[in-house]
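Please read the structure below before turning to the comments.
The values are calculated or read from the model by the stated rules, or taken from the named source; none is laboratory data. No experiment lies behind these values; they were computed from the predicted model shown. Here the Cβ is made from the backbone with ideal geometry for all residues, glycine too, and neighbour counts use every protein chain on show. Surface areas here come from the heavy atoms of the whole protein model, side chains and all, with no ligands, DNA or RNA. Shrake-Rupley method; radii C 1.70, N 1.55, O 1.52, S 1.80 Å.
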Amino acid sequence: MSFSSLPTCPDCVAFAVERIDGKEISIYSTKRGSRHWRYLVSENFDDSFVPCFNNPGFFRTGFFCLDYSGTLGCCVVNDRDNNHGLDWKVYNKPLKQFNDAFPCYLVECNGNLLLVNIGPIGETVGVFRLDQTNKVWVKVESLGKHMLFISSTSSCSAIAPPNSQMENKVYFPRLHKDGKGVLFYSLDTCRYHYSIRAQQNNIDAATNFYDTKEMCNSTWIEPNWSQGSTPTDQDHLGWLS
């Protein structure tokens with residue numbers, strides 16, 4: 001499942017997708033202030049679309065979902081009565097270039113929809129951008145000043161703070177077993193490292209996930225400093241009305 005924006009935003013939409021069986025895809029959506037969930041069952045032709053366990057990504061006007069072969073599904077939530085206001089489609093041109101045995105993650109970054117593909121035990125890391133016109137994945141060589149944070153429950157991007165040396169990196173919900181810090185992959189060095197301090201000491205990680213510990217069901221959270229450190233009662237209203 002995923003959100004279109006911060007849950008405290010008045011127009012935030014919650015979205016979820018699941019495969020009931022080989023023939024059906026179930027889609028759910030609700031908007032802050034709504035009393036009910038919208039629900040749609042879509043026929044899964046040829047049993048071809050199997051939604052990944054990883055969360056969907058909201059991009060521009062729709063929620064994008066990835067299946068295990070790299071094919072994309074997209075759901076646009078609107079106020080029309082047809083299909084309960086849920087327009088679901090699977091791209092006719094398959095984007096199959098990935099092995100379905102290993103995880104992929106969707107994340108919006110700098111106006112693009114990105115896919116992070118992980119190889120066997122992390123031996124390879126590939127970042128790809130969706131070409132909206134041709135519906136193909138294009139290899140990304142650099143993230144510039146941006147950094148990515150990925151996990152199965154949430155993925156996000158951000159501009160690295162000045163002089164932080166965090167830019168052009170992909171951060172994982174993994175820790176070194178000896179406590180050296182959070183694991184990240186640098187697109188500059190094409191290697192893994194553990195924390196900025198470890199990198200400055202020229203301590204490199206192994207070339208895969210060996211000697212790392214995955215923090216299962218971990219979630220990346222971006223603080224909303226503008227509202228202060230303590231939520232107000234108003235922040236929790238709307239979803240339960």
Discussion item. I'd like the full set of residues that are open to solvent by less than 40 Å² (accessible area, probe 1.4 Å), under 15 Å from Ser218 (Cα atoms) and part of a loop (DSSP other than H, G, I, E, B), limited to the stretch 151-180.
Written reply: Ser151, Ser152, Ser154, Ser155
Discussion item. For the stretch 1-51: of the residues being among the charged types (D, E, K, R) and in contact (Cβ under 8 Å) with a residue 40 or more places away in the chain, which is most open to solvent (accessible area, probe 1.4 Å)?
Written reply: Arg35
Worksheet item: Can we say Phe184 is modelled with pLDDT of 85 or more, open to solvent by less than 40 Å² (accessible area, probe 1.4 Å), touching a His at 6+ places or on another chain (Cβ under 7 Å) and aromatic (Phe, Trp, Tyr)?
Response: yes
Worksheet item: Can you name the residue in the stretch 187-223 that is farther than 23 Å from Gly119 by Cα and modelled with pLDDT of 65 or more and, of all such residues, is surrounded by the most Cβ atoms within 10 Å (Cβ to Cβ)?
Response: Glu222
Item to complete: Scan the stretch 124-150 for residues that are modelled with pLDDT of 90 or more and part of a loop (DSSP other than H, G, I, E, B) and report the count.
Response: 7
Worksheet item: Is it the case that some residue within the stretch 109-123 is assigned to a strand (DSSP E or B), surrounded by fewer than 20 Cβ atoms within 10 Å (Cβ to Cβ) and either on the phi > 0 side of the Ramachandran plot or among the β-branched types (Val, Ile, Thr) (or both)?
Response: no
Fill in: Every residue from the stretch 76-110 that is acidic (Asp, Glu) and at pLDDT below 70
Asp81, Asp100
Practice prompt. Looking only at the stretch 42-57, decide whether some residue is modelled with pLDDT of 85 or more and either of a type in the set (A, V, I, L, M, F, W, C) or in a helix (DSSP H, G or I) (or both).
Written response: no
